[in-house]
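The values are calculated or read from the model by the stated rules, or taken from the named source; none is laboratory data. Keep in mind it's a predicted model, so treat the numbers as computed, not measured. Positions of Cβ are backbone-derived with ideal geometry, glycine not excepted, and every protein chain shown enters the neighbour counts.
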C-alpha cells in the first residue's frame with residue numbers, strides 16, 4: 001500500500017470522505033468494547049479455579065517446617081512461597097519476602113518508607129528539597145502514579161528496542177544526587193513488550209549513582225508471561241548482576257502472581273539483598289504481624305513448583321495469543337506500508353503499543369470512544385499523563401475475545417487512518 | 001489471708017524461705033509454656049476450618065452485583081463485606097472500606113499517610129516540628145510501635161475503670177495543637193479488658209481539639225469477643241456520637257476478623273466519615289488496584305451475616321472461658337487478700353492484666369521465664385516499652401490449654417509472692 005504522506009491533497013480529501021463514511025457506519029454498529037486495561041478475561045481466570053480446591057476444610061494448614069499458616073507470624077512469608085516466587089524470577093529464596101496480594105502495594109510501601117525513613121539509614125526523602133525518579137517512557141501508569149503521589153519529580157527517559165536509553169540513564173544517575181530511583185518493567189515491558197538486552201541489564205548493574213540511596217525499581221511483572229512456546233525472551237538476573245558489579249543493594253525486584261492465578265487474590269513478592277531486606281523488615285514488623293499465609297500456602301499447594309507455573313502459563317498463552325494475533329493481523333493488513341503508525345510485535349506481556357503520527361493519539365482515542373471502543377487514556381503511559389508527542393496508544397487485548405479484539409481493531413485502524421488523513425491535510429494548509 | 005504488708009520481718013523471712021523452696025521445686029518441673037501473645041490456639045482455629053469450603057472450584061465468584069472477585073477492582077471492598085464488617089461494629093456499610101488481612105496494617109498506613117500527605121488537606125505531619133499521640137496505658141504495644149516508628153512523641157494517659165482519664169485527654173487535646181491522635185481499644189481493652197463507659201465515649205465525641213487534623217484511632221479489635229453469653233459489655237457507636245456532636249471527621253474506627261476467622265488470613269476494615277474515606281481513597285487507589293476480594297467473598301459466604309459471626313464467637317467463648325477462669329481462679333485463691341497485686345476480671349478480649357507491687361513486674365517476669373513460663377515483656381503495654389511503675393504484667397491465656405494455664409498461673413503466683421516478699425523485705429532495710 002502507498003504511504004499516506006505520498007498521497008496528493010486531492011487523494012487525501014477523497015480518502016477522508018471514504019473514511020468518514022466508513023466511520024459513520026461503524027458508529028451505527030453500537031460497539032461496546034474495552035481494550036483499556038490489562039485485565040484477564042473470565043475464561044482465563046476460570047483456568048485457575050482449581051486453586052480453590054488446593055486447600056479445604058480437611059487440609060493440614062502447616063508449612064513443611066510445621067508453622068500453622070492460620071495463625072500469626074512469619075512476617076517475610078512461608079519458606080515454600082519464598083522458594084516458589086524466587087524460582088519464578090530466578091533468585092534464591094533467602095533474598096525474597098512474600099507479601100500480600102499486590103506487588104503495586106509493595107512498591108508503594110517501598111517509596112512511602114523511603115519518604116518517611118530513608119533507605120538503609122539515609123536521610124528520609126521527605127526531608128529533602130527535591131527527589132527525582134527516572135521514568136522510561138512509555139511505561140506503566142501506576143508506577144508514575146506512585147511517584148507523582150509522593151511529589152517526586154519524574155524525568156522521561158526514552159525507550160529503545162534494548163530497554164531505556166542507557167546513555168541518558170548513566171548520565172542522570174551519576175550526575176544528580178537527587179535522582180533516587182528508576183522505574184523498570186524489564187521483561188515484556190508495559191506497554192511495548194520490550195525485554196531489556198543483556199547489555200542494558202549489565203549497564204544497569206554497573207551504574208555509579210551520585211546518591212547512595214539510589215535504587216532500581218525492577219518490576220518483573222511479566223517474567224513468566226510468554227505468548228509463545230518457541231520464541232521466548234530471556235532476561236538477565238539483575239540481582240546477580242548487581243552483586244557481581246559490587247552493588248548488591250542497588251536494586252529491588254518485584255513480582256506477583258496477579259496475572260498467573262487471580263488478579264485480585266494472588267501473592268506478591270520483593271527480592272533484594274539481605275541488607276535491603278533487613279531494612280524492609282524493620283518497618284514490616286511494625287506494619288503487620290504477617291501477610292496472608294493461607295493464600296501463600298494455597299498457591300504453593302496448587303502450583304507446586306516453577307514447572308507448575310510454567311505449564312499453567314502455557315494455557316494462558318494459548319488463550320491470549322489469538323487475541324494478540326487478531327490485533328496484529330488487522331494492524332498489519334490495514335496499516336502496513338501506510339507509514340501512519342508503528343508497533344512492536346510482543347512476545348509476551350499484556351499489551352501492544354501503537355505509535356501514531358505525532359499529535360494524533362488523543363484524537364484517535366476520542367474517535368474510538370465515540371464509536372464504542374474504550375482505549376487506555378491518551379498520555380497514560382507517561383508521567384503526569386502527558387505524552388509529549390501525543391502519539392502513544394496502549395492496546396490491552398487480554399479482556400475481550402479474539403473476535404471482539406478483531407472488531408475493535410477494525411474500528412481502531414479506521415480511526416487511525418481518519419485522524420492521520422486529517423493531520424496530513426491540516427499540515428498542507 | 002493476711003496481707004503481706006502486715007507481716008513482721010521474721011514472718012516475711014520465713015515465708016521467703018518457703019517460697020524459695022517451692023520455686024526451686026517448680027523450676028525442676030521443666031515447664032515450657034507461653035502466655036506472651038494473644039494468639040489463638042490451634043483448637044480455636046480448627047473451629048473455623050469450614051471457611052476453607054466456603055468457596056471451591058465450582059463456586060460462582062461474583063458479588064451479588066455481578067463483580068468478579070477474582071479480577072481487579074473495587075478498591076474499597078465488595079459491598080457484602082462492607083455490610084458484614086459494618087454490622088460487626090454497628091456502622092452503615094457506606095462508612096466502611098474493607099482492606100487486606102490486618103487492621104494493624106490499616107492503622108500503620110493511616111499514620112504513614114498522615115506523615116506524608118497530612119489529613120484532609122492539612123500539613124503533612126513529617127513537615128511539622130513535633131507530632132504527639134496520647135496513649136492510654138496500659139495499652140497495645142503494637143499501637144505504640146507504630147507511633148514510635150514514625151518518631152511521634154507519645155504521652156501516657158492513665159486508664160480508669162471507665163476508660164482513659166478524660167480530664168487529662170480533654171486538656172491535652174484542646175490545649176496542644178501538636179497532639180494529633182490518641183490510640184484507643186475501647187472494648188475489652190488490651191490488656192485490661194475494660195470497656196469505655198457511655199460517658200467516656202460521649203466525652204471523646206465532644207472533644208474540641210486544638211489541631212484540626214486530630215483523630216481518634218478507635219481500634220475496636222474485640223467488638224464481638226465476649227467471654228460470656230449473659231454478661232456482655234456494650235459500647236456506644238463512636239462514629240454516630242461524633243456525628244451528633246458535630247465532629248463527624250474526628251474518628252477512624254478499625255476492626256478485623258483476625259480473631260474471628262484466622263489470625264493471619266482474616267479481613268480488616270476501617271470505618272469513618274465520607275470525607276475521611278474519600279481522603280483515604282486518594283492514596284488507596286495509588287497503593288493498590290484492590291484488596292483480596294476472594295477472601296472477602298469467602299468470609300461473607302461462610303459467616304453470612306452478623307448473626308453468623310455472633311454464633312461463631314460463642315464457640316470461641318466456650319473454648320476461651322475455661323482458660324481465663326483457670327487463671328482467675330488461681331489468682332483469686334492464691335493472691336486474694338494478700339494485697340500484692342490486683343487485676344480486673346474481663347468479660348471479653350484476649351488478656352488479663354495483673355498489676356503487681358511497684359517495681360516488681362520485671363523481676364516476676366524474669367523469674368517466670370527462668371522456670372519455663374514466658375510472659376509478655378515487662379513494659380510492653382507502655383510507650384517506648386517503659387512502665388513507669390514497673391508493675392503491669394499482661395497475661396495472654398488464649399494459646400495454652402486450661403490445664404497449662406492453671407500450671408503456668410501456679411508458677412506465676414509463686415513468683416509474684418516471692419518477688420513481693422523480697423520487695424517488702426528490702427523496704428525494711
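Data table
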| read-out | value |
| --- | --- |
| Complete set of residues in segment B:341-373 that are in a strand (DSSP E or B) and surrounded by fewer than 17 Cβ atoms within 10 Å (Cβ to Cβ) | B:342 |
| Inter-residue pairs, beta-carbon under 6 Å, first within 7 Å of chain A (Cβ to nearest Cβ) and in segment B:36-52, second surrounded by fewer than 18 Cβ atoms within 10 Å (Cβ to Cβ), 6+ apart | B:49/A:57; B:50/A:57; B:52/A:56; B:52/A:57 |
| Selection within segment A:395-407 - assigned to a helix (DSSP H, G or I) and either in contact with a helix residue (DSSP H, G or I) (Cβ under 8 Å, 6 or more places away or on another chain) or surrounded by 22 or more Cβ atoms within 10 Å (Cβ to Cβ) (or both) | A:402, A:403, A:405, A:406 |
| Residue list for segment A:64-74, filter: surrounded by fewer than 19 Cβ atoms within 10 Å (Cβ to Cβ) and at negative phi | A:64, A:65, A:67 |
| Residue A:338 part of a loop (DSSP other than H, G, I, E, B), within 22 Å of residue A:415 (Cα to Cα) and not assigned by TED's automatic domain parsing to the domain that holds residue A:192 | yes |
| Residue within segment B:88-95 that is in the same structural domain as residue B:260 (by TED's automatic domain parsing), farther than 27 Å from residue B:223 by Cβ and crowded, with 22+ Cβ neighbours inside 10 Å present | no |
| Test set (1) in a helix (DSSP H, G or I); (2) surrounded by fewer than 22 Cβ atoms within 10 Å (Cβ to Cβ); (3) within 12 Å of chain A (Cβ to nearest Cβ) - residue B:57 fails condition number | (1) |
| Condition met for residue B:210 (surrounded by fewer than 18 Cβ atoms within 10 Å (Cβ to Cβ) and in contact with a strand residue (DSSP E or B) (Cβ under 8 Å, 6 or more places away or on another chain)) | yes |
| Failed criterion for residue A:81 (all others in (1) over 30 Å from residue B:151 (Cα atoms); (2) more than 14 Å from chain B (Cβ to nearest Cβ); (3) within 25 Å of the chain's Cα centre (by Cα) hold) | (2) |
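Table: residues versus (1) surrounded by fewer than 19 Cβ atoms within 10 Å (Cβ to Cβ); (2) part of a helix (DSSP H, G or I); (3) within 14 Å of chain B (Cβ to nearest Cβ).
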site: A:85; (1), (2), (3): no, yes, no
site: A:111; (1), (2), (3): no, yes, yes
site: A:121; (1), (2), (3): yes, no, no
site: A:135; (1), (2), (3): no, no, no
site: A:148; (1), (2), (3): yes, yes, yes
site: A:168; (1), (2), (3): yes, yes, no
site: A:177; (1), (2), (3): yes, no, no
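Each row is one residue, and each column tells you yes or no for (1) assigned to a loop (DSSP other than H, G, I, E, B); (2) in the same structural domain as residue A:314 (by TED's automatic domain parsing); (3) closer than 21 Å to residue A:27 by Cα.
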{"residue": "A:377", "(1), (2), (3)": "yes, yes, yes"}
{"residue": "A:387", "(1), (2), (3)": "yes, yes, no"}
{"residue": "A:393", "(1), (2), (3)": "no, yes, yes"}
{"residue": "A:409", "(1), (2), (3)": "no, yes, yes"}
{"residue": "A:413", "(1), (2), (3)": "no, yes, yes"}
{"residue": "A:418", "(1), (2), (3)": "no, yes, yes"}
